[in-house]
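The values are calculated or read from the model by the stated rules, or taken from the named source; none is laboratory data. Predicted model, so just to flag it, every value in this text is computed and none were measured. We place every Cβ from the backbone using ideal geometry, glycine too, and count neighbours over all the protein chains shown. Only protein heavy atoms, including side chains, enter the accessible area calculation; ligands, DNA and RNA are left aside. Shrake-Rupley method; radii C 1.70, N 1.55, O 1.52, S 1.80 Å.
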Amino acid sequence: MDSGAWWGLLDAYTVTEWKPTEAKPKIKWEKLKGKDYTNYDRPHDVPMTTGIKAGKITSNGYEAVTFLKDLLDGKEEKIFIHNYGDFTQSVLVNAEALGRHMDKEGFLRTKYYPFLIETIKDPYEIWASFEKSSVDGSVVLREYLIKGFELENDKKRGCFVVLQSINGKLETWTFVYTSQLDALNKRRVGILLYGK
């Protein structure tokens, strides 16, 4: 199985679909029935990776893009390729697109970039699941890249990157960095594509 996710320039469709408006309420997504981590004999707790530090908070889009390029070995964009037996996945991260995307959301999230890149580069698990919209009943296919982190102060954090199938290809949709580790288990549902 081959899949690829491209964090390219966000087009008007992606931004419009993601943001709720008065005419278009926020969508709640229900995971359709499937297996979870217990069915695959996976541990209840995602193991924690150490040695990754939070990044800096940037003040503008230029700084965010520059910081991302540093994390991408000085490149404008980088493709991370995962080869797991029969499963191959490519995830492209474009510094300009992601940095400018943060410009719209506030730069406090740029400190999480190192966790985002590490989760894409070396996920603990990759799950695929079908999810149904509460608004119109449509069904989408999403992939979740999961990883846990233990910080220097012994705090534990989880990160997951969401890839969504749009027009027949997977695109990076969003990422979440959280202190609520149960949020990881809620995403460990569907088909386990890869697990360490």
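None of D122, D154, D70 is over 18 Å from Y177 (Cβ atoms) and among the acidic types (D, E) except D70. Selection of region 130-150 for residues being more than 13 Å from G190 (Cα to Cα), modelled with pLDDT under 90 and open to solvent by less than 60 Å² (accessible area, probe 1.4 Å) yields S133, G137, S138. Note on region 129-145: residues that are polar (S, T, N, Q), out of contact with any helix residue (DSSP H, G or I) (no Cβ under 9 Å at 6 or more places or on another chain) and touching a residue at least 24 places away in the same chain (Cβ under 8 Å) amount to 2. Residue count for region 41-69 satisfying the condition of being surrounded by 15 or more Cβ atoms within 10 Å (Cβ to Cβ) and either assigned to a strand (DSSP E or B) or charged (D, E, K, R) (or both): 5.
Screening K111 on (1) open to solvent by 40 Å² or more (accessible area, probe 1.4 Å); (2) modelled with pLDDT of 90 or more; (3) not hydroxyl-bearing (S, T, Y) shows it passes everything except condition (2). Could you grab me the full set of residues in region 151-169 that are open to solvent by 20 Å² or more (accessible area, probe 1.4 Å) and either in contact with an Asp or Glu (Cβ under 9 Å, 6 or more places away or on another chain) or without any contact (Cβ under 8 Å) to a residue 24 or more places away in the chain (or both)? Result: N153, D154, K156, R157, S165, N167, G168.
As for region 74-96, it holds no residue that is out of contact with any Ser or Thr (no Cβ under 9 Å at 6 or more places or on another chain), without any contact (Cβ under 8 Å) to a residue 12 or more places away in the chain, open to solvent by 10 Å² or more (accessible area, probe 1.4 Å) and part of a helix (DSSP H, G or I). Looking across region 177-196, just one residue is in a strand (DSSP E or B) and open to solvent by 50 Å² or more (accessible area, probe 1.4 Å), and that is I191. Between I126, I52, the distinction of being within 15 Å of L184 (Cβ to Cβ) and touching a residue at least 24 places away in the same chain (Cβ under 8 Å) belongs to I126 only.
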